[in-house]
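Data first, discussion second: the structure below is written as structure tokens.
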Amino acid sequence: MLPQDVESELGRAVRRWRQLPLDRAADALPGVHAFLAEVAGEELPDLGPAVVMDQLRVVAFDACASEGGGAGLAERLASLRLGWSAPPADREAVRYTP
């Protein structure tokens, strides 16, 4: 079971990802993979933009089930999601930085 704040933010992230044009999703994908690797503690396979939100759900669930309980995960998910809304001229803002 996910904490309510994580579940809400994860839902927002998934909905926003589905709305992104493919080129924006492709630009944001490396940042999402960096986020996943940081939260999971290991690199995950790049299965493309169509699958990355499934990976995000699994990593979020595992993080919340771990000893730390996903502390701060909702805020980090929000930061990741908000980066996808960066104006096209500011593509670097799309990259996740821990």
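Quick look at the numbers
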item: Residue selected from the range 19-49 under the condition free of Cβ contacts under 8 Å to residues at least 24 places away in the same chain and closer than 25 Å to residue 4 by Cα, by the criterion surrounded by the most Cβ atoms within 10 Å (Cβ to Cβ); result: 36
item: Any hit, the range 32-47, residues being touching a Phe, Trp or Tyr at 6+ places or on another chain (Cβ under 6 Å) and not polar (S, T, N, Q); result: yes
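Readers should treat all values here as calculations from the given coordinates under stated rules, not as data from a laboratory. Treat the numbers as computed from the prediction; the structure is a model and nothing was measured. Note: ideal-geometry Cβ built from the backbone for every residue, glycine included; neighbour counts use all protein chains shown.
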